[in-house]
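*Asks:* Quick one: this structure, given as structure tokens, is what I'll be asking you about.
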Amino acid sequence: MDTLHIDVVSVPVADQQRAKAFYMEKLGFELVNESPMGEGMNWVQLRPPGAATSITLVTWFESMAPGSLKGIVLACPDIHATYDALAARGLRWNGPVEEQFWGTFATFDDPDGNSWVVAQSRA
């Protein structure tokens with residue numbers, strides 16, 4: 001069997017353009033693809049710079065209410081530098097950097113309430 005990897009994560013949002021602006025302006029994500037995909041629907045795909053995995057901003061899954069995604073982890077090599085850099089871009093963190101046995105992290109929510117974790121693993 002070939003090695004599996006995560007390619008795209010669906011992030012449920014109410015307004016794709018508002019969400020796209022947040023992820024690009026506050027987090028520095030890059031636009032991978034934005035295309036119509038049916039009546040009244042658009043495919044909006046973004047990714048962190050240099051990342052293999054991307055996200056798509058979805059509005060069409062009835063079972064995925066905007067804001068229902070929780071706990072996706074974005075890894076970084078230096079949580080304190082990343083925390084400060086993203087705060088300087090206008091990101092509102094849910095609190096300060098915290099330490100756990102597995103690493104150091106901080107959390108934020110996107111405009112729809114999807115919760116994200118930015119983490120630095122212990123070496």
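*Asks:* Output yes when any residue across region 32-50 is acidic (Asp, Glu) and touching a residue at least 60 places away in the same chain (Cβ under 8 Å), and no when none is.
*Replies:* The initial filter retains those residues of region 32-50 that are acidic (Asp, Glu), namely 34, 39.
Then keep just the ones that are touching a residue at least 60 places away in the same chain (Cβ under 8 Å); that gives none.
Among the residues of region 32-50, not one is acidic (Asp, Glu) and touching a residue at least 60 places away in the same chain (Cβ under 8 Å), which makes the answer no.
*Asks:* Out of all the residues in region 104-123, which are surrounded by fewer than 19 Cβ atoms within 10 Å (Cβ to Cβ), in a loop (DSSP other than H, G, I, E, B) and either of a type in the set (Asp, Glu) or within 17 Å of the chain's Cα centre (by Cα) (or both)?
*Replies:* Result: PRO111, GLY113.
*Asks:* For region 5-37, give me the residue count where each residue is of a type outside the set (Asp, Glu), part of a helix (DSSP H, G or I) and surrounded by fewer than 15 Cβ atoms within 10 Å (Cβ to Cβ).
*Replies:* Pass one, region 5-37, residues of a type outside the set (Asp, Glu): 5-6, 8-14, 16-24, 26-29, 31-33, 35-37.
So of that shortlist, the ones also part of a helix (DSSP H, G or I) come out as 16-24.
Of the ones still in play, those that are also surrounded by fewer than 15 Cβ atoms within 10 Å (Cβ to Cβ) are 17-18, 21, 24.
Here the count works out to 4.
*Asks:* Taking region 38-81, which residues are part of a loop (DSSP other than H, G, I, E, B), among the charged types (D, E, K, R) and at pLDDT 95 or above? So that I can check it myself, show each step before the final result.
*Replies:* So in region 38-81, the residues part of a loop (DSSP other than H, G, I, E, B) come out as 39-40, 48-53, 59-69, 76-78.
Now restrict to residues that are among the charged types (D, E, K, R): 39, 62, 78.
Scanning region 38-81 gives a single hit, ASP78.
*Asks:* Name the pairs whose Cβ atoms lie under 7 Å apart, with the first residue in region 89-103 and surrounded by 14 or more Cβ atoms within 10 Å (Cβ to Cβ), the second at pLDDT below 95 and among the polar types (S, T, N, Q), and 6 or more positions between them or separate chains?
*Replies:* GLY103/SER121
*Asks:* Among the residues that make up region 31-43, is at least one of them hydrophobic (A, V, I, L, M, F, W, C) and closer than 20 Å to VAL118 by Cβ? It would help to see each step written out before you state the result.
*Replies:* Applying the first criterion (hydrophobic (A, V, I, L, M, F, W, C)) to region 31-43 yields 31-32, 37, 41, 43.
After this cut, where a residue has to be closer than 20 Å to VAL118 by Cβ as well, the list is none.
Scanning region 31-43 turns up no residue that is hydrophobic (A, V, I, L, M, F, W, C) and closer than 20 Å to VAL118 by Cβ.
*Asks:* Of the residues that make up region 73-80, is at least one surrounded by 12 or more Cβ atoms within 10 Å (Cβ to Cβ), of a type in the set (Asp, Glu) and closer than 19 Å to PHE29 by Cα?
*Replies:* No, because not a single residue in region 73-80 is surrounded by 12 or more Cβ atoms within 10 Å (Cβ to Cβ), of a type in the set (Asp, Glu) and closer than 19 Å to PHE29 by Cα.
The values are calculated or read from the model by the stated rules, or taken from the named source; none is laboratory data. Since the model is a prediction, treat every value here as computed from it, not as a measurement. No Cβ is skipped: glycine too gets one built from the backbone with ideal geometry, and neighbour counts run over all protein chains shown.
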